[in-house]
1. Could you please find all residues in region 192-202 being over 17 Å from the mean Cα position of the chain (by Cα) and either among the charged types (D, E, K, R) or surrounded by 21 or more Cβ atoms within 10 Å (Cβ to Cβ) (or both)?
2. Being buried (at least 22 other Cβ atoms within 10 Å of the Cβ), among the hydrophobic types (A, V, I, L, M, F, W, C) and in contact with a helix residue (DSSP H, G or I) (Cβ under 7 Å, 6 or more places away or on another chain): is that true of LEU252 here?
3. Taking region 58-78, which residues are assigned to a strand (DSSP E or B) and over 10 Å from the mean Cα position of the chain (by Cα)?
4. For the subset of region 223-243 comprising residues that are in contact (Cβ under 8 Å) with a residue 60 or more places away in the chain and either assigned to a loop (DSSP other than H, G, I, E, B) or not polar (S, T, N, Q) (or both), which member is farthest from VAL138 (Cα to Cα)?
5. Yes or no: region 251-260 includes at least one residue that is farther than 28 Å from ARG192 by Cα and part of a helix (DSSP H, G or I).
6. I'd like the full set of residues that are over 21 Å from VAL283 (Cβ atoms) and either of a type outside the set (Val, Ile, Thr) or surrounded by 15 or more Cβ atoms within 10 Å (Cβ to Cβ) (or both), limited to region 222-249.
7. Contact list please: Cβ distance under 9 Å, first residue in region 256-269 and at positive phi, second residue hydroxyl-bearing (Ser, Thr, Tyr), pairs at least six apart or on different chains.
8. For region 35-57, enumerate the residues that are at pLDDT 95 or above and either part of a loop (DSSP other than H, G, I, E, B) or closer than 29 Å to VAL231 by Cα (or both).
Amino acid sequence: MPIEHWFSRRTFAGLPLGLAAACRWRLAPVPTPAFADLSYGLSPAQRFDVYPAPVSSGSLAPLVVLIHGGGWEGGSRAEVARFIPYFTERRCVVANIGYRLTPEAVAPAAAEDVRNAIESVRARAAQWHADSGRMLLVGFSAGAHLALLAALAPPDAIGGPQCRARAVLSFWGVTDVVDLLSGENERAFARRWLPEGPERLELARRLSPMQYDAAGAPALYAAHSVHDHIVPFAQSQRLVARFQRARVPAHLNRLSHWGHTPSPEEYPAIFSEAFRFLAGIGVLT
């Protein structure tokens, strides 16, 4: 039997480790949360950390909810903590949330957890001088997928409250879970997250942000490489086009690096473009 190259489009047994490592970079020190391991559920994974804005402007600060990736079965809050200064330096309050992963609970647990975590953060926002009416969801890979679901899926589709965010920042996010279950884009980590059974395909549809109406949705900034070998670039391309057809502000940053995530040196420019987009639509100055 021939040995498959790790860039294979079908076999990604060790992929979650790569997805988790994708957010580890060394350009900024890891901040210390002012409030750590706040609970929104009984599982040790159902926790979040809060990083207040460093300087008070006398008014409530925008609220950012940060969601890590890892193929729904890996990753942690620690692995995206280095992105927090991008937002606290702009006087945002940041909540960095965790959720149950595949070894503990399969789909739709992660999606329900993120919705409930966001609601818990929203309900406590005033404690940290944050404005829940100016909430941004920021996710990476599978975390971007969960952020999009939190904003787009109606209450009858997924357990937990639908989030009313002002914008979603999707970094190389999954938008079509059905696409990852079979065919050319089949991914082992997606099949592990979606349990076997007669309801698998229907559950995958309910867990696909692409399935939902974009009318009235939050603004969307998506960054994705055209050479992504894990989550196809076309997934972000199609979702942004759907938003634009619905006349919802949306921007696609076409990246050109090889692989799923960019090099550390590319992050500042990617975030700068995101902030230009948000400033242009009056969401974050």
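The values are calculated or read from the model by the stated rules, or taken from the named source; none is laboratory data. Keep in mind the model is a prediction, meaning the values are calculated, not measured. Cβ coordinates were reconstructed from backbone atoms using ideal geometry, including for glycine residues, and neighbour counts include every protein chain displayed.
1. First, the residues of region 192-202 that are over 17 Å from the mean Cα position of the chain (by Cα): 192, 194-202.
Passing the criteria: ARG192, LEU194, GLU196, GLU199, ARG200, GLU202.
2. On the way: buried (at least 22 other Cβ atoms within 10 Å of the Cβ): no; among the hydrophobic types (A, V, I, L, M, F, W, C): yes; in contact with a helix residue (DSSP H, G or I) (Cβ under 7 Å, 6 or more places away or on another chain): yes.
When the stated conditions are applied, LEU252 does not pass them.
3. So in region 58-78, the residues assigned to a strand (DSSP E or B) come out as 61-67.
Scanning region 58-78 gives ALA61, PRO62, LEU63, VAL64.
4. Residues of region 223-243 that are in contact (Cβ under 8 Å) with a residue 60 or more places away in the chain, as a first pass: 229-231, 235-236, 238-239.
Going one step further and asking which of them are either assigned to a loop (DSSP other than H, G, I, E, B) or not polar (S, T, N, Q) (or both), we end up with 229-231, 238-239.
Numbers: HIS229: 22, ILE230: 19, VAL231: 17, ARG238: 19, LEU239: 16 Å.
Here the answer is HIS229.
5. no
6. SER225, HIS227, ASP228, HIS229, ILE230, VAL231, PRO232, PHE233, ALA234, GLN235, GLN237, ARG238
7. GLY259/SER225
8. So the first thing to find is which residues in region 35-57 are at pLDDT 95 or above, and the list is 35-51.
TYR40, GLY41, LEU42, SER43, PRO44, ALA45, GLN46, ARG47, PHE48, ASP49 - these are the residues of region 35-57 that are at pLDDT 95 or above and either part of a loop (DSSP other than H, G, I, E, B) or closer than 29 Å to VAL231 by Cα (or both).
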